[in-house]
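Here the structure comes first, spelled out in structure tokens, and everything after it is commentary.
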């Protein structure tokens, strides 16, 4: 038995030497590749930093867009409310105009029933030039004539939209 243990037939030391050489070569390769890897890592860090900047800009843009959307919604609501208010006011004005027209018609009928002369109004020599704020009632009252006579001698005049400087005929005053 002594002879077996003393024989140096083993491949183990040779395998250990081969593994050591391979490890040494891998270590040398790693040492030589390290600067290249560091450069690539630095490049990747720059790219990641750039991506982080882009992500923060995108987040800020999304926040700004949400804020703008909110403001747009508020303006749209305000506009809709304003249109609703204007619509209501136009309806009120239309109703008031209808009442005034009805009153003018009923006043003309009442004057005719009272025997207001029965003769149609005739344009006189006078003329009136419309001023700011004038209405048919103001003009008739200021000139001592009835609104109905003023309207009858000025056919085609839009009494709801008198224009400053517009010329109107004045009816002859009844005696």
Can you list residue pairs whose Cβ atoms sit under 7 Å apart, with the first residue in segment 87-103 being outside the structural domain of residue 148 (by TED's automatic domain parsing) and the second being not in a helix (DSSP H, G or I)? Count only pairs 6 or more apart in sequence or on different chains.
97/160
Using the structure shown, decide if residue 96 is within 30 Å of residue 161 (Cβ to Cβ), over 27 Å from the mean Cα position of the chain (by Cα) and in a helix (DSSP H, G or I).
yes
Filtered residue count, segment 156-173, keeping only those that are closer than 24 Å to residue 101 by Cβ and in a loop (DSSP other than H, G, I, E, B)
10
Restricting to segment 155-175, name every residue that is out of contact with any helix residue (DSSP H, G or I) (no Cβ under 6 Å at 6 or more places or on another chain) and touching a residue at least 24 places away in the same chain (Cβ under 8 Å).
160, 162, 163, 164, 165, 166, 167, 168, 169, 172, 173, 174
Would you call residue 145 without any contact (Cβ under 8 Å) to a residue 40 or more places away in the chain, under 19 Å from residue 103 (Cβ atoms), surrounded by fewer than 19 Cβ atoms within 10 Å (Cβ to Cβ) and not assigned by TED's automatic domain parsing to the domain that holds residue 90?
no
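The values are calculated or read from the model by the stated rules, or taken from the named source; none is laboratory data. The structure presented is a predicted model; accordingly, all values stated were derived computationally and were not measured. Glycine gets a Cβ as well: all are built from the backbone with ideal geometry, and neighbour counts include every protein chain shown.
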